[in-house]
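Visitor: Dumping the structure here so I can ask a few things about it.
The values are calculated or read from the model by the stated rules, or taken from the named source; none is laboratory data. For clarity, every value in this text was computed on a predicted model and none was experimentally measured. Here the Cβ is made from the backbone with ideal geometry for all residues, glycine too, and neighbour counts use every protein chain on show. Keep in mind that these areas ignore ligands, DNA and RNA; they rest on the heavy atoms of the full protein, side chains included. Shrake-Rupley method; radii C 1.70, N 1.55, O 1.52, S 1.80 Å.
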2 protein chains.
Amino acid sequence: MEQLDKLEAHFKRLSHFQHLAAICGWDQATMMPSGGSQARADAMAELALYTHQQLTTHELHDWFSALDEQQDRLNDAQRASFREMKRQWQHASVLPDTLVKAKSLAGAKCEHAWRQQRQNNDWDGFAKNLKEVVALAREEAHIRADQKNCSPYDALLDLYEPDMTADRIDEVFGELKTWLPDTIQAVVDKQSQQTTRLPDGPFAEAQQKALGEKMMALLGFDFEHGRLDVSTHPFCGGVPTDVRITTRYDEQDFTSALMGVIHETGHARYEQGLPKHLAGLPVGKARSMGVHESQSLFCEMQLARSEAFATLICQHAKQAFNRQDDPAFHVDNFHRVLTRVSPGYIRVDADEVTYPAHIMLRYDIERDLISGKMDVDHIPDRWDHAMQQYLGLSTAGNYKNGCMQDIHWTDGSFGYFPTYTLGALYAAQLMQTMRQQMDVDGIIASGNVSPIFDWLSQHIWQRASTTSTDNLLKDATGETLNPTHFRKYIQGRYL
Amino acid sequence: MEQLDKLEAHFKRLSHFQHLAAICGWDQATMMPSGGSQARADAMAELALYTHQQLTTHELHDWFSALDEQQDRLNDAQRASFREMKRQWQHASVLPDTLVKAKSLAGAKCEHAWRQQRQNNDWDGFAKNLKEVVALAREEAHIRADQKNCSPYDALLDLYEPDMTADRIDEVFGELKTWLPDTIQAVVDKQSQQTTRLPDGPFAEAQQKALGEKMMALLGFDFEHGRLDVSTHPFCGGVPTDVRITTRYDEQDFTSALMGVIHETGHARYEQGLPKHLAGLPVGKARSMGVHESQSLFCEMQLARSEAFATLICQHAKQAFNRQDDPAFHVDNFHRVLTRVSPGYIRVDADEVTYPAHIMLRYDIERDLISGKMDVDHIPDRWDHAMQQYLGLSTAGNYKNGCMQDIHWTDGSFGYFPTYTLGALYAAQLMQTMRQQMDVDGIIASGNVSPIFDWLSQHIWQRASTTSTDNLLKDATGETLNPTHFRKYIQGRYL
């Protein structure tokens, strides 16, 4: 398969440039002094242009065409590699350069202005820019939809969650909507009967960092192939051989940084655990945004906020901050701290029970924005209506804590939001199966959690993008996505 | 000048990739966990290959040829830009790919083995690899010499110190040799009559870093465009808009890290002070390795080890480490600490008086190695002989602290060593002129040293590579390189 070899060599070569972009991107967010930003942005843009050119060079078209006709001569592994390379190539090459440029300009303009407009609660100013972004996203979605022969919104979904469709999400989120609002209310009522004592700061940053690194080690983070730093917005970056995770410290509340570190450690272990023999190939990358989020939420929610694991964290935290006699560090109280549920305006601050509400409302809006069923002007009303319905909160006139709170739409990343909640559902389903196969709480209590991660490695990480998300889930849990596991999990833990 | 525009656009584009290489190179030395090294090396090699291709692409040949014929239509600034682009292009394109590859392989092999061989004092093993490296360096030198119509060693010198020749260095170093050995002896004799008290550790790393940053600020380092970190071997890296300097801390001796920080700050200010309007062009880069070293040595030696500046450092250090009553921090003693002279085996540990001896012996050897007058087998004897002659120390049989101590020759960087001492000579000459034009010690005592750097900015930094080193020196000091200033400076400070 000469063409397959050529394609794989080409994509591996590309991955070296993506490596440099990942490290320089991490540097930008963690190390770079402010005065370096313009020259860095120019350098990164030049690199992005070059990698885009390399991904759309005419030779690729010839190699893909030739291989298309010989697919029956490929074995399964080769076919998967071919499929994932082709997916990347199609995503990159289908848009005309003029649209790519227009999108980039409109997105940059909208995002830049948004930073100030959000502070000023200036919906009218923001809406003007957003309309431009939405118009271009619709154009992009239509072009992608023609290529994939699907609906426009599904074509955008495919960028983040391959093979997922709005029909399937409607079904899954429809199930969620039948019980989530009532459950939120019931959990809030229940928790209002309990007394919870929040740990009292200050907690020194150095001690928080040491505690975070201790928990990372416990969760199997490989410090020979990664590190922990600080950035304004926590993320997991770098490359599989060198995974860079970040957090930010609040001296009054150490749980915020700590649970963030544990969340990013979930992402990091997936990256560190990808198969070495597929390094540099699209088929060797993480399966999807949703599957990636399932690993971080597995770590943070399924694992770390469980009673068994909260006990472990509590012991380590008590020592780290020398709070042996502090009643806030009593294990029962500490678990209540980690599982507080509180409906709020802001998605990124939400607990795991209310989080899906934030996602569903965004999904409903963006799906209809892209299909053309609704326009930008109607976003605030619809947002307010859904927030009242799901969380009992009104955002009327409060744009900055409502529909202007997220960065995603500013640069046209429609189709991304649902992956957060898909990840939560995947995670619940994986844990449900795992609990059938091993004594998860006993393993946690033993302090050596490697069997848990060995299971994830075997069923998720090592498979990378060699198969579909449906197959991954079916092979790991016996069924494709089934949202009832999430309901049982939430109601089991919180009610 | 259509071709000039095309050339400048091409080199500016290249500079974006060099930006990424600089940041990832810095990351490699300061941040990268060890397990990330192989993938990083692969990514950096891919980038180096790409930039080399871009620097040798056939279009450039056409543009340079066309412009060669129209040089009289260029103004001075355009001619300088053209000249520096052409220099880079010729340096990059003259070697056949096979030689570039052979050099890279032999260099990597020799350097890699050297790390162990040096520890084992294994000269025979090292010599075997070094012979290969020297053979390829001779081949390289001959090809470059044919292109430039000069001697082989001069062709290598040109890579680091444009327009410098062995004849000129022989002359300059010849002058040094007439007085340096006797002066070293006289200084050692004089200092042996004095009592010097070394500051007693430990000095906490965090306090050392804070002190270093204070001195950087005093020296005008722009923290909006740079930062200080830790690496095994101190260096100045990054890009002019974001200069990354490093040091390493010894808890027993804070002066080592501190003077290193001040040295790198000299490099950094040159980079930060390069003209913005020439950013990304070869003509906008630092003039040469020697001129670069002149700026670091100006900072560290001419400025920071002067009596006036040592007084400033002493005050800050006393505060930083809370040593108000420590007699080692008495200003006279402190200045003696900063100006101790002690002949030793190791170049990187040498003071400014003995340093040129280390360089002259290396220069004599590498010049004759490249010309073919001597072979690798004779290095140890010649090294021992010169060490005895200059510093009264024998390295017979002591290869690891003799001719195996440096990394430079392992990968074939012949022609680099003399630039260290040329830098010291340039620095002395610049200071001599500056002292005629302003009250340098008074300015230092005032605590606001910006007039000193304004002078360097005007005469060195802002001129970048717009003219030759000879012209730079002539315009700044009224004469080209004159080694007697260094003699007067050394004998004035130390005798």
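Visitor: Mind giving me the nanometre distance, one decimal, between the label points for A:HIS61 and B:GLN491, set 7 Å out from Cα along Cα→Cβ?
Guide: 7.6
Visitor: Quick one: which residues, 5+ away or cross-chain, put their amide H under 5 Å from the amide H of A:GLY238? H built at 1.01 Å from N.
Guide: When sequence neighbours closer than 5 places are left aside, the close amide H contacts are A:TRP26, A:ARG244.
Visitor: A further question follows. Collect residues whose amide H, placed 1.01 Å from N in the peptide plane, falls under 5 Å from the amide H of A:LYS285; neighbours closer than 5 in sequence don't count.
Guide: HN-HN under 5 Å from A:LYS285: A:SER465.
Visitor: Still on this structure: Rounded to whole Hz and in sequence order, give me ³J(HN,Hα) for the stretch B:439-452 from the Karplus expression 6.51 cos²θ - 1.76 cosθ + 1.60, θ = phi - 60°, writing x for Gly and Pro.
Guide: Along the stretch B:439-452, the couplings run 7, 4, 5, x, 4, 4, 4, 5, x, 10, 8, 4, x, 4 Hz.
Visitor: Treating cross-link reach as a plain straight distance, find the aspartates and glutamates whose alpha-carbon is under 16 Å from the alpha-carbon of A:LYS400, omitting any fewer than eight places away in the same chain.
Guide: The qualifying aspartates and glutamates are A:GLU111, A:ASP122, A:ASP124, A:ASP349, A:ASP377, A:ASP381, A:ASP384.
Visitor: For the stretch B:461-466, take each phi angle, set θ = phi - 60°, evaluate the Karplus expression 6.51 cos²θ - 1.76 cosθ + 1.60, and give the result in whole Hz per residue in order, putting x for glycine and proline.
Guide: 4, 5, 8, 6, 10, 6
Visitor: Here is a further query. At 1.4 Å probe size, with every protein chain present, just tell me what the per residue accessible area of the protein assembly as shown comes to in Å². Display every interim value, and only then the final one.
Guide: On the way: 40810 Å² over 990 residues.
I get 41 Å² per residue for the protein assembly as shown.
Visitor: Among DSSP beta bridges lying fully in chain A, give the percent that are antiparallel, nearest 5.
Guide: Of all bridge pairs located within chain A, approximately 45 percent are antiparallel.
Visitor: Rounded, prolate or oblate, given the Cα gyration tensor of the stretch A:301-371, with a/c below 1.5 counting as rounded?
Guide: In terms of gyration-tensor shape, prolate.
Visitor: Please give every one of the lysines within straight-line cross-link reach of B:LYS214, meaning a C-alpha to C-alpha distance under 23 Å, and leave out same-chain neighbours fewer than 8 residues apart.
Guide: Within the straight-line limit of under 23 Å, B:LYS214 reaches these lysines: B:LYS318.
Visitor: In whole percent, and with a 1.4 Å probe on the protein chains, what portion of the accessible area of chain A is carbon and sulfur?
Guide: Here it works out to 48 percent.
Visitor: Here's another thing I want to ask about it. Along the stretch B:44-60, what does the Karplus equation 6.51 cos²θ - 1.76 cosθ + 1.60 (θ = phi - 60°) give for ³J(HN,Hα), rounded to whole Hz, x for Gly and Pro?
Guide: With the stated coefficients, the stretch B:44-60 comes to 5, 5, 4, 5, 4, 4, 5, 5, 4, 4, 5, 7, 10, 5, 4, 3, 4 Hz.
Visitor: Right, next: Hey, can you grab everything whose amide H is under 5 Å from the amide H of B:VAL230? Only 5+ residues off in sequence or another chain; H modelled, so Pro and N-termini drop out.
Guide: So B:VAL230 has HN proximity to B:THR247.
Visitor: Just report the Cα centroid separation between the stretch A:387-434 and the stretch B:13-79, whole Å.
Guide: Result: 43 Å between the Cα centres.
Visitor: Per DSSP helix of 4 or more residues, -39500 (n - 2.57); summed, then divided by the residues of the protein assembly as shown. What does that give at 222 nm, rounded to the nearest 500?
Guide: Mean residue ellipticity at 222 nm (helix-derived): -21000 deg cm²/dmol.
Visitor: Here is a follow-up. What does the C-alpha gyration tensor say about the overall shape of the stretch B:139-248? Classify as rounded when a/c is under 1.5, otherwise prolate if a/b is larger than b/c, or oblate.
Guide: Note, shape of the stretch B:139-248 comes out oblate.
Visitor: Note down the nm distance, to one decimal, between modelled labels 7 Å out along Cα→Cβ at B:HIS142 and at A:ALA217.
Guide: It works out to 5.8 nm between the two label points.
Visitor: Could you order B:GLU8, A:GLU139 by accessible surface area, starting with the largest, using a probe radius of 1.4 Å? Don't skip to the answer; put the middle values down first.
Guide: Numbers: B:GLU8 40, A:GLU139 90 Å².
Sorted by accessible area, descending: A:GLU139, B:GLU8.
Visitor: Using a/c under 1.5 as the rounded threshold, could you call the stretch B:2-160 rounded, prolate or oblate? The axes a ≥ b ≥ c are square roots of the C-alpha gyration tensor eigenvalues, and prolate needs a/b larger than b/c, oblate otherwise.
Guide: oblate
Visitor: How many Å² of accessible surface get buried when A and B come together, counting both sides, probe radius 1.4 Å, rounded to the nearest 100?
Guide: It comes to approximately 2800 Å² buried between A and B.
Visitor: If each of A:GLU175 and B:LEU74 carries a label point 7 Å out from its Cα toward its Cβ, how far apart are those two points in nm?
Guide: In this crude spin-label approximation the distance works out to 7.1 nm.
Visitor: Given N residues in the protein assembly as shown, what is Rg(Cα) / (2.2 N^0.38 Å)?
Guide: Expressed relative to 2.2 N^0.38 Å, the Cα Rg reads 1.07.
Visitor: Please give the Cα centre distance for the stretch A:336-354 versus the stretch A:461-492, rounded to the nearest Å.
Guide: The distance from the Cα centre of the stretch A:336-354 to that of the stretch A:461-492 comes to 24 Å.
Visitor: What does the structure give for B:41-54 when I average, per residue, the other chain Cβ atoms found within 10 Å of the residue Cβ?
Guide: Values: counts 0, 8, 12, 3, 1, 8, 5, 0, 2, 4, 0, 0, 0, 0.
Counting other chains' Cβ atoms within 10 Å and averaging over B:41-54 gives 3.
Visitor: Could you please state, rounded to a whole Å, how far the C-alpha centre of the stretch B:213-241 is from the C-alpha centre of the stretch A:100-168?
Guide: 41
Visitor: Then there is this: Not counting ligands, DNA or RNA, and with a 1.4 Å probe, what is A:ARG197's accessible surface area in Å² rounded to the nearest 10?
Guide: 140
Visitor: Just to be sure I understand the curve: with the Debye formula and one point per C-alpha of the stretch B:161-495, what is log10 I(q)/I(0) at q = 0.13 Å⁻¹?
Guide: Debye curve over Cα of the stretch B:161-495, log10 I(q)/I(0) at q = 0.13 Å⁻¹: -1.05.
Visitor: Here is a further query. Determine, from the Cβ-Cβ distance of B:ASP189 and B:THR467 and an R0 of 56 Å, the FRET efficiency 1/(1 + (r/R0)^6), rounded to the nearest 0.05.
Guide: Here the calculated transfer efficiency is 0.85.
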